[in-house]
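The values are calculated or read from the model by the stated rules, or taken from the named source; none is laboratory data. Please read these numbers as outputs of a predicted model, since none were measured by experiment. With ideal geometry, Cβ positions are generated from the backbone for all residues, glycine too; neighbour counts draw on all protein chains shown. Ligands, DNA and RNA are excluded from the accessible area calculation, which covers all protein heavy atoms including side chains. Shrake-Rupley method; radii C 1.70, N 1.55, O 1.52, S 1.80 Å.
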Amino acid sequence: MKKFAVVFTAAVLAVSVVAAFAATDALVGACIYKFDDTFMTGVRNAMRAEMDKQGGELEIVDSQNRQPMQNDQVDAYISKGANALIVNPVDRTAAEPLMNKAKVEGLPIVFVNREPYAEVMNAYDKIWYVGAKAEESGTQSGQIIADYFKANPKADRNGDGKIQYIMIRGEQGHQDATLRTEFSTKAMKDAGFEIVELGNDTANWDKVQATDKMKGFISAVGIDAIEAVLANNDDMALGAIEALKAEGYNMGDPAKYIPVVGVDATAPALEAMKDGSMLGTVLNDADNQGYAAVRVAVLAADGKPVTEESIGYKITDGKYIWIPYRPVTVDNYQELMK
Ligand code: GAL
Ligand code: CA
């Protein structure tokens, strides 16, 4: 019996040693819509870490927020013989020509974070999408605000029973901006609140633009009227907090505090939760999005089947890998600090 156990263990080890050496030599070419984006930098780092484990080659280029530049980058990857592509499109409505370039070559293509239209996803068999359901993040961020108002009746600063809020949206046309805006307001209403929008504008995912927009809202409606700020991502939430701080708000005085929520759970957002200037956020899981994208690309590049077992993530309709969001509040943010 004992002897059998020893032999069995040895056999298992031998298999795992073989697996460890059966590294890929695939070349995967990736384009990121722009490097200067906090959340996508997290995805990029995770892609790199996963490829280091897999042993293949991963090239990543910055599309500098220009779609024509990204199209050229894809052409360049194809001419140098890349075995698979990972694309975070600049403009998700412009994914079709990229899909076609891959299709003509029979090259696998994995889109991340900016979801191509269903027609494009359905027009090719070696296409995948790795992302997250923006509805979830919208719902969770709206619920964080609603929970705060339930637990803190004084948050209703004018005592009218309604939530007077500011909405700061991400880039126009991005599914995450549209759906987070829609579902965060819906969640406050579903929680039983009447809501009043005092201001709503885009700041293109950008912290500096959000500070400007928030300063504009403060001068338009007055700081006393604002009871909550919802931003479609953390960089913009942090930008709004800068504008609040300039008015002496969210700096420790409980009488001068306006709850602000974002989405992503970036390191600076977790820091802001720690120092008390930001109420909450939603984890947009950059690590798992990056790992999943590289696993799919490598397997497909090597001509191996892409299955739930082979990638370790759930696959919907054969081509969508949805990484779940998670609410992040004062109760659990510390678990995410690296
Ligand atoms: C969103 C993320 C934003 C921004 C955007 C880029 O999912 O929340 O912070 O990174 O993607 O497409
Ligand atoms: Ca109110």
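For segment 178-196, which positions are more than 25 Å from the chain's Cα centre (by Cα) and loosely packed, with under 15 Cβ neighbours inside 10 Å?
Gly192, Glu194, Val196 - these are the residues of segment 178-196 that are more than 25 Å from the chain's Cα centre (by Cα) and loosely packed, with under 15 Cβ neighbours inside 10 Å.
What tally of residues in segment 246-271 results from selecting those that are small (Gly, Ala, Ser) and under 28 Å from the mean Cα position of the chain (by Cα)?
Within segment 246-271, residues that are small (Gly, Ala, Ser) and under 28 Å from the mean Cα position of the chain (by Cα) number 4.
Report, by residue number, each residue of segment 130-166 that is within 16 Å of ligand 1 (Cβ to nearest atom) and touching a helix residue (DSSP H, G or I) at 6+ places or on another chain (Cβ under 6 Å).
Across segment 130-166, the qualifying residues are Val130, Ala134, Glu135, Ser137, Gly138, Thr139, Ser141, Gly142.
So if I check each of Asp201, Asp212, Asp235, which one is of a type in the set (D, E, K, R) and surrounded by 21 or more Cβ atoms within 10 Å (Cβ to Cβ)?
Just one listed residue meets the conditions, Asp235.
Would you confirm whether any residue within segment 17-38 is touching a Pro at 6+ places or on another chain (Cβ under 9 Å), more than 19 Å from Ala292 (Cβ to Cβ) and modelled with pLDDT of 95 or more?
yes
Filter the helices (runs of 4 or more DSSP H) completely within segment 272-338 down to those with at least 3 residues that are within 19 Å of the chain's Cα centre (by Cα).
286-301, 333-336
Table: residues versus (1) free of Cβ contacts under 8 Å to residues at least 60 places away in the same chain; (2) closer than 22 Å to Lys319 by Cα.
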{"site": "Gly29", "(1), (2)": "yes, yes"}
{"site": "Lys34", "(1), (2)": "yes, no"}
{"site": "Met51", "(1), (2)": "no, yes"}
{"site": "Gly55", "(1), (2)": "yes, no"}
{"site": "Val61", "(1), (2)": "yes, no"}
{"site": "Asn65", "(1), (2)": "yes, no"}
{"site": "Met69", "(1), (2)": "yes, no"}
{"site": "Tyr77", "(1), (2)": "yes, no"}
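Suppose we filter segment 75-91 for residues that are surrounded by fewer than 21 Cβ atoms within 10 Å (Cβ to Cβ) and assigned to a helix (DSSP H, G or I); how many remain?
Going through segment 75-91 one residue at a time, the tally reaches 4.
Just wondering, is there one or more residues in segment 284-295 that are open to solvent by 10 Å² or more (accessible area, probe 1.4 Å), more than 16 Å from ligand 1 (Cβ to nearest atom), charged (D, E, K, R) and under 30 Å from Thr24 (Cβ atoms)?
yes
Matching residues to (1) in contact (Cβ under 8 Å) with a residue 60 or more places away in the chain; (2) away from ligand 2 (no atom under 16 Å from the Cβ); (3) under 20 Å from Ala265 (Cβ atoms):
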{"site": "Val112", "(1), (2), (3)": "yes, yes, yes"}
{"site": "Tyr117", "(1), (2), (3)": "no, yes, no"}
{"site": "Tyr148", "(1), (2), (3)": "yes, no, yes"}
{"site": "Gly161", "(1), (2), (3)": "no, no, no"}
{"site": "Gln172", "(1), (2), (3)": "no, yes, no"}
{"site": "Lys189", "(1), (2), (3)": "no, no, no"}
{"site": "Gly192", "(1), (2), (3)": "no, no, no"}
{"site": "Ala203", "(1), (2), (3)": "no, yes, yes"}
{"site": "Ser219", "(1), (2), (3)": "no, yes, no"}
